[in-house]
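Report on one structure; see the data block that follows.
The values are calculated or read from the model by the stated rules, or taken from the named source; none is laboratory data. Treat the numbers as computed from the prediction; the structure is a model and nothing was measured. Methodologically, a virtual Cβ is constructed for each residue, glycine included, from the backbone with ideal geometry; neighbour enumeration extends over all protein chains shown.
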């Protein structure tokens, strides 16, 4: 009976959210989800809750109703947080079953979800730092000598495009090549201007 009551409660919540704005939905679900996550992972409750709120509304409602599903998702989110520093962006960190090659119908929480969660409340400077820390090592592998300059150029792009570059090696390679082309053209122009100035100076002395 308790389970049925929980289902009715969740159903009522779903109906109440039907007319809510996206911000209201996130707030309401977050208020219900956070204390449950806090019981499982007190130290990382805020970050894990933020990650889980990136899931579909239907799945979040399911997590509120199913302690087992919530426990599994929280464990998965913790794996992502722990491995964030060493896992390439775009690589999903799934459950043990998924890593062993078994089939699973659940979508793993991706590094993109983690990064979006981290950027959600970041200031412009913090956002630039977070994205730069992710982007620089990838650029460095392609153009070690100009990694800092190229990364700075790419950080001028919009957040969505930068996230795409972090996930797509092909797009990143293409954009880095374009940036290198711009740098080389700029260097060539400066060299031509310097050469022209020297020529004019020599011509002046000859007269």
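The rows are residues; the columns are (1) surrounded by 14 or more Cβ atoms within 10 Å (Cβ to Cβ); (2) modelled with pLDDT of 80 or more; (3) within 24 Å of residue 17 (Cβ to Cβ).
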position	(1), (2), (3)
75	yes, yes, no
80	yes, no, no
95	yes, no, no
98	yes, no, no
123	no, no, no
Test set (1) at pLDDT below 75; (2) more than 15 Å from residue 167 (Cβ to Cβ) - residue 112 fails condition number: (2)
Pair list, Cβ < 6 Å and 6+ apart or interchain, from segment 41-69 residues that are free of Cβ contacts under 8 Å to residues at least 60 places away in the same chain to residues that are in a loop (DSSP other than H, G, I, E, B): 48/41
Tally of residues being over 24 Å from residue 119 (Cβ atoms) and modelled with pLDDT under 85 across segment 1-51: 19
Test for residue 161: is it out of contact with any helix residue (DSSP H, G or I) (no Cβ under 9 Å at 6 or more places or on another chain) and surrounded by fewer than 16 Cβ atoms within 10 Å (Cβ to Cβ): no
